[in-house]
Amino acid sequence: MPKKKAKDGTDRGRNGLFDEVTPEIIELHETTDLNVTQICKTVGIHIATYFKWKNKSDEFCKAIKEGEEIRRQMLKSLAQEETVKRVQGYTVEEEETILTPNDSGKGHIKSKKITKKHIKAGDTLLMYVNNNRDPEHWKHKEHIDHSGKIETGKGLSDMTIEELNAYIDAHEKAKSLTDEGDQEA
């Protein structure tokens, strides 16, 4: 049975193709945001081949995971750098070109104006950074510790029958006044 030819027309055995594209696959996992389908198209293999190699070769599988981890760490580092830049604020230069029309219908440059603009840190970003970096001192919600007892006077179990009746009458009167106020509104 003759060897299959690769898409580029060269003869490569099964191991030859694996050995040839594996470094490129790992590099793509490390340096790009391509998904598996896109990586397979880039290196010229079928997606089923990719998963067959991944299932059969522990070394290939491990190399892919390491490549993905390298990419995650790089993105994490970039995100941290960008966060620091935004927390500190940064300066950008804006260029404005003023044109004056001429006979040809195109304008010629009359002047250029460069303006430096400072971008300050956003409040939301500052809150996010503080909440995540120092959660003990920066919280979204208040936490109130309550210990002890709230004194309300006599408890119901300590009241006499007359005191209980007076208590009930007072609450019923207050409720009826509230109900009347609701009906008038």
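Within the shell defined by Cβ-Cβ distances under 13 Å, the residues around Lys113 carry a net charge of 0, with Lys and Arg each +1 and Asp and Glu each -1. Taking Cβ atoms as reference points and 11 Å as the exclusive limit, the residues near Thr83 contribute a net charge of +2, counting Lys and Arg as +1 and Asp and Glu as -1. Within a straight-line Cα-Cα reach of under 13 Å, Lys113 can be paired with the following aspartates and glutamates, leaving aside sequence neighbours fewer than 8 residues apart in one chain: Glu93, Glu94, Glu95, Glu96. What translational diffusion coefficient, in µm²/s and rounded to a whole number, does the Stokes-Einstein relation yield for region 89-139 at 4 °C and a viscosity of 1.567 mPa s, taking the hydrodynamic radius as the Kirkwood radius over Cα pairs? Estimated diffusion coefficient is 88 µm²/s.
No value in this document is a laboratory result; all are computed from the given coordinates. Since the model is a prediction, treat every value here as computed from it, not as a measurement. Neighbour counts run over all protein chains shown; Cβ positions are idealised from the backbone, glycine included.
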